[in-house]
Amino acid sequence: MKEKIAEELTQLIGKEFTIREIEDWIEKPKFTTMGDFAFPCFRLAKKLKKSPVEIASNLSSEFTVKGIEKTEPVNGYLNLYLDVKAYAAVVLNEVLEKGSDYGQMDTGKGQVITIDFSSPNIAKPFSMGHLRSTVIGNALANLIEKTGYKAIRINHIGDWGTQFGKLITAYKKWGDENKVKKSPIVELHKLYVYFHEQAEKYPELEEEARLWFRKLEGGDEEALELWTWFREVSLEAFSIVYNQLNITFDSYNGEAFYNDKMEGVIEKLKEAALLEESSGAMVIRLEEEALPPCLIQKKDGATLYATRDLAAAVYRKGTYNFVKSVYVVGNEQSLHFKQLKAVLAKLKIIWADDLIHVPFGMMLKDGKKMSTRKGKIVLLEEVLAESVNLAKQAINEKNPSLPNKEKVAQQVGFGAVMFHDLKVFRQNDVHFELEDMLRFEGETGPYVQYAYARASTLVKKAETATGHSSQALYETFDSFGETERPLIMKISEFEETIKQAADDWDPSKIAKYCIDLSQLFNQYYARTSILKESNKVKQEQSLQLIKSVKITLKEGLRLLGVAAPEEM
Ligand code: ARG
């Protein structure tokens with residue numbers, strides 16, 4: 001609609017300004033009494049050599065756009081009022097015609113954006129931080145696609161580093177193959193923790209671990225075999241969670257993948273005379289950038305996390321030719337990504353600016369960081385299972401005769417955890433409280449899912465009762481008025497919301513949108529009785545409205561990675 005208004009205004013103003021400019025200036029008034037849109041005329045005054053008041057008044061007398069009922073010039077603003085009957089036709093016909101494509105944009109024109117997310121560490125539990133990265137990253141990848149880019153989802157697995165020397169040492173001393181096979185993450189993590197305890201008493205263990213890591217780097221058969229096995233069993237364990245949450249990746253190239261790709265970058269750094277020695281290690285000074293030096297190579301020649309990320313950035317540009325390369329990683333790594341970009345910039349790499357770190361806050365439990373260290377581990381699988389359990393209890397109370405209860409309990413249980421993580425702006429910390437997330441009222445996943453299920457049930461009942469519903473195209477929805485207006489407006493804001501969420505890398509805008517739409521739908525639902533409606537046209541039009549709510553809500557939830565059960 002905004003676009004249509006902008007087109008007409010640009011015409012009337014006389015091509016002094018572009019449609020884009022005009023569209024950007026259109027505002028949404030704070031109060032609906034001041035119209036549904038407002039166009040401030042102040043910026044035009046200079047070029048048009050007229051006062052804003054005069055411009056607004058001229059525009060008002062000439063303006064005609066289908067769907068706009070009236071216009072009013074007020075203090076240099078042109079206020080525009082939607083004709084809900086005509087506007088409903090514009091909006092609803094589009095939703096019903098496009099279905100799940102509603103809100104799809106072509107901004108990206110198929111260009112690639114790589115998105116690095118989840119990226120857990122082998123042989124360690126999937127932390128709450130990794131859950132946040134997984135859930136936020138997945139939603140962002142969906143938004144990237146919805147805005148017309150191609151998303152390449154990369155799981156940069158933490159599968160290299162000195163810790164593997166420790167793990168091999170520990171496994172060879174105290175490990176039990178069967179135990180590791182049975183619950184790999186728990187066992188390997190235990191071994192790792194045990195290694196640290198023992199190393200405090202017997203420091204020579206550290207030397208042994210260093211040796212094993214050097215062997216691993218040198219391609220020693222035994223070391224490689226163990227490492228490969230640890231990696232495989234860990235990935236299998238992670239994939240359980242990915243399957244449950246219905247999350248996929250295009251690449252699992254982790255840190256180890258870059259082992260043979262770092263030479264090139266190190267060479268370039270040498271050529272550019274950026275590497276400096278500092279007590280035996282190789283570093284890049286970043287004083288001009290007001291950053292601490294970036295460590296590239298240790299004394300013993302071992303490379304680091306940062307070295308592998310440099311190689312990964314170069315590899316990704318070469319392989320995917322991205323227009324942007326996004327990293328969904330917690331706040332605590334902000335410095336790392338600043339250094340990464342600074343080093344690339346020092347190499348005069350023009351796309352250094354296309355690297356984007358999308359940080360997020362912590363997951364808190366009882367006011368403290370939810371941690372998985374020190375042997376006391378909260379396993380994500382257990383958290384998710386508990387959530388499904390709570391969902392099952394709720395369903396048993398609310399709707400004991402529901403078919404495929406198991407499936408719905410999973411959709412609600414997983415959806416609740418994901419939605420909870422997405423509904424607050426990612427930079428804020430999140431309080432982890434299962435009972436809160438699973439409430440059916442308030443700003444929760446189940447609340448939105450329940451609104452969706454209600455809408456589905458209603459549509460199904462109405463279609464059975466009325467025979468079959470026609471998909472008549474209405475030129476105007478004459479039965480509509482103020483009751484329908486808020487829903488129509490909300491539905492029409494879907495695309496704009498997606499655009500903003502994608503621009504700000506902020507899925508919480510979509511979560512809030514889903515809550516708003518659900519609330520408006522519930523209010524509407526309480527006020528109208530479609531099944532009993534005797535006016536067939538009104539009944540049909542109301543049904544089209546509800547179907548449009550369904551389509552929009554389902555697509556909103558899909559963007560967040562949350563399922564929409566038809567019944568619950
Ligand atoms: N594995 C790392 C961690 O758990 C996250 C990796 C993020 N991605 C990257 N390219 N650095 O902290």
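The values are calculated or read from the model by the stated rules, or taken from the named source; none is laboratory data. If you're wondering where the values come from, they're calculated on a predicted model, not measured in any experiment. Note: ideal-geometry Cβ built from the backbone for every residue, glycine included; neighbour counts use all protein chains shown. For accessibility, only protein heavy atoms count, side chains too; no ligands or nucleic acids. Shrake-Rupley method; radii C 1.70, N 1.55, O 1.52, S 1.80 Å.
For the range 307-320, take each phi angle, set θ = phi - 60°, evaluate the Karplus expression 6.51 cos²θ - 1.76 cosθ + 1.60, and give the result in whole Hz per residue in order, putting x for glycine and proline.
Using θ = phi - 60°, the values come out as 4, 5, 5, 4, 4, 5, 4, 5, 4, 5, 5, x, 7, 10 Hz.
When the dipole is taken about the Cα centre of the range 19-90, and only Lys, Arg (+1) and Asp, Glu (-1) are charged at their Cβ, what size is it in debye, to the nearest 20?
Approximately 220 debye in magnitude.
Over the Cα atoms of the chain, how large are the radius of gyration and the largest Cα-Cα distance (Dmax), in Å?
Calculated on Cα positions, Rg and Dmax stand at 28.4, 88 Å.
Would you compute the Debye intensity of the range 266-305 from its alpha-carbon atoms alone, equal scatterers and no solvent, and pass along log10 I(q)/I(0) at q = 0.19 Å⁻¹ to two decimals?
For the range 266-305 at q = 0.19 Å⁻¹, log10 I(q)/I(0) is -0.52.
Computed on alpha carbon atoms, what radius of gyration and Dmax characterise the range 1-124, expressed in Å?
19.8, 71
Can you give the relative contact order of the chain as a percent, counting alpha carbon pairs under 8 Å and 6+ residues apart?
16
Kindly identify the range 172-260 as rounded, prolate or oblate by the Cα gyration tensor criterion: order the square roots of the eigenvalues as a ≥ b ≥ c, call it rounded if a/c is under 1.5, otherwise compare a/b with b/c, prolate if a/b is larger, else oblate.
Note, shape of the range 172-260 comes out oblate.
Less than 28 Å apart at the alpha-carbon level, and either on another chain or at least 8 residues along: which lysines does that give for Lys368?
Correct list for Lys368: Lys124, Lys190, Lys338, Lys376, Lys423, Lys509, Lys512.
Could you work out how far helix 536-560 tilts from the main Cα principal axis of the chain, as a 0 to 90 degree angle to the nearest 10?
Approximately 20 degrees, to the nearest 10.
What share of the DSSP beta bridges in the chain is antiparallel, in percent to the nearest 5?
Counting DSSP beta bridges with both partners in the chain, the antiparallel share is about 55 percent.
If each DSSP helix of 4+ residues adds -39,500 (n - 2.57) and the sum is divided by the residues in the chain, what number results at 222 nm, nearest 500 deg cm²/dmol?
After summing the helix terms and dividing by residue count, I get -17500 deg cm²/dmol.
If you plug each phi of the range 348-356 into the Karplus form 6.51 cos²θ - 1.76 cosθ + 1.60 with θ = phi - 60°, what whole-Hz ³J(HN,Hα) values come out, in order, with x for Gly and Pro?
6, 7, 5, 7, 3, 6, 7, 7, 10
For a quick check: with amide H placed at 1.01 Å from N, whose amide H comes under 5 Å from Ile296's, ignoring anything fewer than 5 positions away on the same chain?
Met282, Val283, Ile284
Indicate the gyration tensor shape class of the range 53-122 (rounded, prolate or oblate), computed on the Cα atoms with a ≥ b ≥ c the square roots of the eigenvalues: a/c under 1.5 is rounded; otherwise a/b larger than b/c is prolate and the rest oblate.
Here the range 53-122 falls in the prolate category.
Please work out how much length the chain gains when fully extended from Glu72 to Ala526, using 0.36 nm per residue of separation minus the C-alpha to C-alpha distance, in nm with one decimal.
Difference between extended and current length: 160.1 nm.
If Thr307, Thr319 are ordered by their accessible area, calculated over protein heavy atoms with a 1.4 Å probe, which sequence runs from highest to lowest?
Of Thr307, Thr319, the descending order of accessible area is Thr319, Thr307.
Over 28 Å between Cα atoms, which of Lys173/Lys365; Lys50/Lys85; Lys146/Lys550 qualify?
Distance filter (> 28 Å) returns Lys173/Lys365; Lys50/Lys85.
Which whole-Hz ³J(HN,Hα) couplings does the range 392-399 yield from phi under the Karplus relation 6.51 cos²θ - 1.76 cosθ + 1.60, θ = phi - 60°, glycine and proline marked x?
Once rounded to whole Hz, the list reads 4, 4, 4, 5, 4, 6, 7, 8.
Express in whole angstrom the spacing between the alpha-carbon centres of the range 225-239 and the range 69-87.
62
Check Leu78: other-chain or 5+ apart residues with amide H under 5 Å from its amide H, H built from backbone geometry?
Here Phe39, Cys41 satisfy the definition.
What residues qualify as long-range amide H neighbours of Asn253, i.e. H under 5 Å apart, gap of 5 or more or another chain, H built at 1.01 Å from N?
Those qualifying (amide H under 5 Å, at least 5 residues apart or on another chain) are Asn155.
Output the pairs from Lys15/Lys49; Lys346/Lys499; Lys398/Lys461; Lys166/Lys299; Lys268/Lys346; Lys172/Lys215 with a Cα-Cα distance over 21 Å in this structure; if there are none, say none.
The pairs that break the limit, which is 21 Å between Cα atoms, are Lys346/Lys499.
Mind ordering 246-256, 530-540 by average Cβ neighbours within 10 Å, highest first?
246-256, 530-540
At 7 Å along Cα-to-Cβ for each site, give me the label-to-label distance between Glu204 and Lys299 in nm.
2.1
Helix 84-98 against the longest principal axis of the chain: what's the angle in degrees, Cα atoms only, rounded to the nearest 10?
The two axes meet at around 40 degrees.
Tell me, what are the semi-axes, in whole angstrom and largest first, of the equivalent ellipsoid of the range 440-568 as set by the roots of 5 times the Cα gyration tensor eigenvalues?
26, 16, 13
What size of dipole, in debye to the nearest 20, comes out for the range 416-546 about its Cα centre when the only charges are +1 on Lys and Arg C-beta atoms and -1 on Asp and Glu C-beta atoms?
Computed charge dipole of the range 416-546: roughly 580 debye.
Given Ile284, Val314, Gln393, which one lies farthest toward the positive end of the charge dipole of the range 249-393, if we put +1 on the Cβ of every Lys and Arg and -1 on the Cβ of every Asp and Glu?
Gln393
Nothing charged except the Cβ atoms of Lys and Arg (+1) and of Asp and Glu (-1): what's the magnitude of the dipole of the chain about its Cα centre? Round to the nearest 20 debye.
Charge dipole of the chain: 580 debye, to the nearest 20.
Just going by the charge dipole of the chain, with Lys and Arg at +1 and Asp and Glu at -1 on Cβ, which of Thr248, Phe164, Tyr513 is farthest out on the positive end?
Tyr513
Would you please calculate the Kirkwood hydrodynamic radius of the range 140-299 over all C-alpha pairs and express it in Å, rounded to one decimal?
18.7
Taking the Cα centroid of the range 1-36 and of the range 500-524, what is the distance between the two, rounded to the nearest whole Å?
A separation of 24 Å, based on Cα centres.
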